[in-house]
1. Within the group B:Glu95, B:Glu20, which residue is open to solvent by 30 Å² or more (accessible area, probe 1.4 Å), at pLDDT 95 or above and outside any loop (DSSP other than H, G, I, E, B)?
2. Which of the residues spanning the stretch A:156-184 are under 18 Å from A:Gly64 (Cβ atoms), out of contact with any Phe, Trp or Tyr (no Cβ under 9 Å at 6 or more places or on another chain) and more than 11 Å from DNA strand D (Cβ to nearest atom)?
3. Look through the stretch A:23-54, keep the residues that are assigned to a strand (DSSP E or B) and among the charged types (D, E, K, R), and return whichever of them is nearest to DNA strand D (Cβ to nearest atom).
4. Taking B:Met143 as meeting all but one of (1) within 16 Å of DNA strand D (Cβ to nearest atom); (2) not in a helix (DSSP H, G or I), write down the number of the exception.
5. For the structure I just gave you, tell me whether A:Lys153 is more than 10 Å from chain B (Cβ to nearest Cβ), within 16 Å of DNA strand D (Cβ to nearest atom), open to solvent by 60 Å² or more (accessible area, probe 1.4 Å) and in a helix (DSSP H, G or I).
6. Restricted to the stretch A:30-52, and to residues that are within 13 Å of A:Met81 (Cα to Cα) and of a type in the set (Ser, Thr, Tyr), which residue is surrounded by the fewest Cβ atoms within 10 Å (Cβ to Cβ)?
7. Among the residues of the stretch B:113-125, are any open to solvent by 40 Å² or more (accessible area, probe 1.4 Å), of a type in the set (Phe, Trp, Tyr) and in a helix (DSSP H, G or I)?
8. Somewhere in the stretch B:166-185, is a residue on the phi > 0 side of the Ramachandran plot and more than 12 Å from chain A (Cβ to nearest Cβ)?
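The values are calculated or read from the model by the stated rules, or taken from the named source; none is laboratory data. Note that the coordinates shown come from a computational prediction; the quantities given were computed from them, not determined experimentally. Cβ: placed from backbone, ideal geometry, glycine included. Neighbour counts: every protein chain shown. SASA here: full protein model, heavy atoms, side chains in, ligands and nucleic acids out. Shrake-Rupley method; radii C 1.70, N 1.55, O 1.52, S 1.80 Å.
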There are 2 protein chains.
Amino acid sequence: MKTLLENIAKHVELTNEEQESVLSLIETDHYKAKTILLEEGKICTHSFFVLKGILRSYTIDENGVEHVMNFACPGWWIADMYSFLSQRPGQLFIETNEEAEVILLSKENQEKLYLQVPKMERFFRILIENSLIANQQRLIDNMTFTAEARYDKFSKKYPELVNCLPQKQIASYIGVTPEFFSKMKARLLKK
Amino acid sequence: MKTLLENIAKHVELTNEEQESVLSLIETDHYKAKTILLEEGKICTHSFFVLKGILRSYTIDENGVEHVMNFACPGWWIADMYSFLSQRPGQLFIETNEEAEVILLSKENQEKLYLQVPKMERFFRILIENSLIANQQRLIDNMTFTAEARYDKFSKKYPELVNCLPQKQIASYIGVTPEFFSKMKARLLKK
DNA sequence: TGAAGCCCTTAACCTAGATTAAGAAATGTT
DNA sequence: AACATTTCTTAATCTAGGTTAAGGGCTTCA
């Protein structure tokens, strides 16, 4: 539980009472590996804050191929932002890789939180800003870099992830097939 | 000037006084075709609201190739969000296509505005949310659709733009070379 | 009005990455 | 321990889209 308040403290300062408000509006849950927390076509009613384990969001295209949009490690938030903000059916799945512990904040309670602790509006605005910036950068990278350069950037940015995710998920995140990813890695080792 | 207040009214209701506050903190400017309003490596000190004409943002990669990130028609905002939010040098150019009329809001004045008219914080939060959603969708489209499908989606979403932008800019936005775009269009006509 | 650029098109050829297939390694399950 | 399942690798073949090059039709500006 501590990590959520720590995470909030990075951006806004809360009094003890305000912290209590936050804690009163969230739930904590525990999931087994490969549990699906959100499915395509469903409304994303909660956003998730990871305490333990790794979650990922992805779409499945018309050929049944999975495309990883985001990973979330402990200390990160994850949701289908389109669906969460608009409260309409979205296209993302959210799933645990390993056993995970997660804090849930429902859309409803988020709105209560805005009323009880207006500072939290600022907090979530900053999260969304950072998310927008990261997304924009990823778009630029996808349009301007080769797969090899994207992998290089990924492994420098998330060294913890490189060794604890299945390769096919990393391949999907950087936008190539697992076969090509494997070939690429072999090529890189030769250098 | 009217269009800015109309645009704001879509998301938040302002009193007359609050409207005056907004108007007192913005500037209006007029630019000739192909004027560069922001350059790579510079800090994005203003965000732009288009009244007339079309602006676009783009990066230039290491091979000198331009990649269009966004277009902005009348009634749209545009900025290098990374640079504008962090006030650090960014990588985007922003440029007019045709002669244009633009409202400028400086980062400084935006912050004054938040103090004078707290509702505006909500307004900009909504803009950023929409921007995030659009960006996320574009990432998904780039990862899951073929160039032809992306063009199809683009021309349905922005029919006004298809006929008033140089083709090479549309090609760049959807992520292909002008030559391939030309070939693709010829192929589509045959059907 | 004419030269200098753009922009668009077409076509031949090239390449990053996809697809298919099949075996090897790791992992989970009983 | 043994089976099934999933993941990773390698290799052959294929393709969406890139590159290079060349010609023609536009603007634009002297």
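1. Every option except B:Glu20 fails the conditions.
2. Across the stretch A:156-184, the qualifying residue is only A:Gly175.
3. First, pick out the residues of the stretch A:23-54 that are assigned to a strand (DSSP E or B): A:27-31, A:36-38, A:43, A:46-52.
Imposing the further condition that a residue be among the charged types (D, E, K, R) reduces the set to A:27, A:29, A:52.
Values: A:Glu27: 29, A:Asp29: 23, A:Lys52: 20 Å.
Filtering the stretch A:23-54 for residues that are assigned to a strand (DSSP E or B) and among the charged types (D, E, K, R), the one nearest to DNA strand D (Cβ to nearest atom) comes out as A:Lys52.
4. Looking at each condition in turn, B:Met143 falls short on (2).
5. Criteria not met by A:Lys153.
6. A:Thr45
7. For the stretch B:113-125, residues open to solvent by 40 Å² or more (accessible area, probe 1.4 Å), of a type in the set (Phe, Trp, Tyr) and in a helix (DSSP H, G or I): absent.
8. Within the stretch B:166-185 (the criterion being on the phi > 0 side of the Ramachandran plot and more than 12 Å from chain A (Cβ to nearest Cβ)), the answer is no, since none of the residues qualifies.
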